[in-house]
Each structure stands twice: as structure tokens, then as C-alpha cells.
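This report concerns only the one structure given below.
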Amino acid sequence: MERTLILVKPDGVQRALSGEIITRLERRGLQIIGAKMLKVSNELAHQHYGVHKDKPFFQGLVDFITSSPIIALAVEGKDAIEAARQTMGSTNPLEASPGTIRGDFGLDIGRNLVHGSDSQENAATELALFFDEDELVSYPRDGQRWITES
Ligand code: IDP
Ligand code: MG
């Protein structure tokens, strides 16, 4: 089992797509083990997007993620990192396949609705930024054996 951090970004919350986004992740077979709504501080934005600090779009990214509340989700499942990113679609919604979250609901790379960690290392770091360990609730689901073989 893998864990990953998913954020419903400000555009997803403002456009009332939070439920849709969560539903798609759950239907994929992924399990939510932590959830909170928060307004991202400037400091948290800099920590979360630190890898992009030298990119030309960095300030816009920080301004956007701090502009309105988000929903942070800790998500667990088999190959959760890759599965969530497939369900999200490519970074640029114009290149994202129809059937993905970004491909179905987005038009602009700066308004792509959702964040998902891109590696096990980044998932661990990002989960720790948004959740304390005791805020993550691991629990068995009766239907899990109908989703994964092991
Ligand atoms: P990801 O969200 O698919 O992992 P990253 O390359 O990690 O994509 O970029 C982080 C976020 O920065 C993207 O989700 C997108 O909102 C924004 N971003 C990435 N590239 C650009 C760009 O060229 N212009 C504007 N915003 C960008
Ligand atoms: Mg990324």
C-alpha cells in the first residue's frame, strides 16, 4: 500500500468540484485516510512548492494556492501515487485525456484543479506538511478484496 497527498486546489473548491474529485479517486479504489479544509499560508505554500522556486510561474502558483481554501486529502491504496496522477491527468489540462479530472474540467495549466504527489519521497514529505501522523486514520474496508488481489 502506498500513501499520497492530494489537494483539491482553490479552483476545485470554488467551482464546487470537490465532491466530483473525491468521488473519482474513491471509485478508482483509493481510500481516504485523512481530510481537511484549510487556507494555505504563505509559508506552507513555499514549503509545498519549494521544488518550483526558480520557475517563472512560482509566484503565481503561491498566490493562487493561498488565494482561497483547499481540501487536503491523504489517500492510500495500491500504487496510489501513480493511480492518482493518472486519474488527475496531465499537468496541462489541454494535454490531459478526456476522462481524467483535468481533461474533463480544466482549460488552463494554472487552474488545473488538483495536486497529487509525484514520488514516494515527495508523498512522504508533502503528507507531513499537511497532516500530523495522528490525523491519518488507517482502517480496513470490507470491500478491499474486491479492489485488489492482495
Ligand atoms: P503537477 O501538478 O502535474 O505535478 P508540476 O510540474 O509539479 O505539475 O507543477 C506544479 C503546478 O504548477 C502545476 O499543477 C500547475 O498548476 C503549475 N504549473 C506548472 N507548469 C506551469 C506553467 O508552465 N505555467 C503556469 N503554471 C504551471
Ligand atoms: Mg508536481
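Okay, here's what the table says:
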{"read-out": "Top-ranked residue of the range 89-117 - restricted to ones that are under 21 Å from residue 62 (Cα atoms), free of Cβ contacts under 8 Å to residues at least 60 places away in the same chain and in contact with a helix residue (DSSP H, G or I) (Cβ under 7 Å, 6 or more places away or on another chain), ranked as nearest to ligand 1 (Cβ to nearest atom)", "value": "110"}
{"read-out": "Members of the range 118-150 found to be more than 16 Å from ligand 1 (Cβ to nearest atom), under 16 Å from the mean Cα position of the chain (by Cα) and part of a loop (DSSP other than H, G, I, E, B), listed by number", "value": "131, 136"}
{"read-out": "Test: residue in the range 56-74 that is closer than 29 Å to residue 142 by Cβ and out of contact with any Phe, Trp or Tyr (no Cβ under 6 Å at 6 or more places or on another chain)", "value": "yes"}
{"read-out": "Failed item in (1) over 21 Å from residue 16 (Cα atoms); (2) of a type in the set (D, E, K, R); (3) modelled with pLDDT of 95 or more; (4) surrounded by fewer than 19 Cβ atoms within 10 Å (Cβ to Cβ), with residue 142 passing the rest", "value": "(3)"}
{"read-out": "Selection from the range 30-89 of residues that are in contact with a strand residue (DSSP E or B) (Cβ under 6 Å, 6 or more places away or on another chain), assigned to a helix (DSSP H, G or I) and more than 19 Å from residue 128 (Cβ to Cβ)", "value": "85, 88"}
{"read-out": "Residue match in the range 106-120 (condition: surrounded by 13 or more Cβ atoms within 10 Å (Cβ to Cβ), over 18 Å from residue 4 (Cα atoms), of a type in the set (Val, Ile, Thr) and within 16 Å of ligand 2 (Cβ to nearest atom))", "value": "yes"}
{"read-out": "Test: residue 75 is more than 13 Å from ligand 2 (Cβ to nearest atom), over 17 Å from residue 6 (Cβ atoms) and out of contact with any Gly (no Cβ under 6 Å at 6 or more places or on another chain)", "value": "no"}
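A quick yes/no check of all residues on (1) touching a His at 6+ places or on another chain (Cβ under 7 Å); (2) of a type in the set (Asp, Glu); (3) within 13 Å of residue 114 (Cβ to Cβ):
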site	(1), (2), (3)
10	no, no, yes
20	no, yes, yes
23	no, no, yes
32	no, no, no
41	no, no, no
66	no, no, no
74	no, no, no
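The values are calculated or read from the model by the stated rules, or taken from the named source; none is laboratory data. Since the model is a prediction, treat every value here as computed from it, not as a measurement. No Cβ is skipped: glycine too gets one built from the backbone with ideal geometry, and neighbour counts run over all protein chains shown.
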